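The values are calculated or read from the model by the stated rules, or taken from the named source; none is laboratory data. Everything numeric in this text was worked out from a predicted model, so none of it was measured. Counting neighbours? That spans all protein chains shown, and the Cβs are built from the backbone with ideal geometry, glycine included. For accessibility, only protein heavy atoms count, side chains too; no ligands or nucleic acids. Shrake-Rupley method; radii C 1.70, N 1.55, O 1.52, S 1.80 Å.
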Amino acid sequence: MEMPTLRPATSADLPDFDYAHVPVISPGGTDWMTTNASYVARTALRDEAARAMYLDGGTVKGVLLSCHPTPFPSSGDGCAPALRIANETAVVDFLVDEEEGRVVSTVTGIRGGA
């Protein structure tokens, strides 16, 4: 069985980030989370790419259920709790495996200008 490549992460929290007040931005309930928005945000912001995006001026939009197409031969969507961070050029969902306590994937959208 092939082991997944682990993303670079740190074990330290951001000292001035208010984890307790990260909003849930998915409509409906939160039954898709086994933990809570604070845990998802804390886990995501320990990922080096998420942390860098935030520290470089990105804005945390909130926690949501992020779904994306899965590669062949899988079928359907892959969904996971995610922290959404936006900057001038992109919106990135950092998908969190709550059981493993790490970011497992990202979904990136390009921000349109106008």
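Residue-wise test of (1) charged (D, E, K, R); (2) touching a Phe, Trp or Tyr at 6+ places or on another chain (Cβ under 6 Å); (3) at pLDDT below 95.
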{"residue": "Thr10", "(1), (2), (3)": "no, no, yes"}
{"residue": "Asn36", "(1), (2), (3)": "no, no, no"}
{"residue": "Met53", "(1), (2), (3)": "no, no, no"}
{"residue": "His68", "(1), (2), (3)": "no, no, yes"}
{"residue": "Asp77", "(1), (2), (3)": "yes, no, yes"}
{"residue": "Leu83", "(1), (2), (3)": "no, yes, no"}
{"residue": "Asp97", "(1), (2), (3)": "yes, no, yes"}
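Screening the stretch 14-40 for residues that are among the β-branched types (Val, Ile, Thr) and touching a residue at least 24 places away in the same chain (Cβ under 8 Å) and picking the one that is farthest from Ala80 (Cα to Cα) gives Val22. Annotation: of all residues in the stretch 17-30 being assigned to a loop (DSSP other than H, G, I, E, B) and not hydroxyl-bearing (Ser, Thr, Tyr), the one that is least open to solvent (accessible area, probe 1.4 Å) is Val22. Scanning the stretch 31-54 for residues that are open to solvent by 70 Å² or more (accessible area, probe 1.4 Å) and of a type outside the set (D, E, K, R) turns up Thr34, Asn36, Tyr39.
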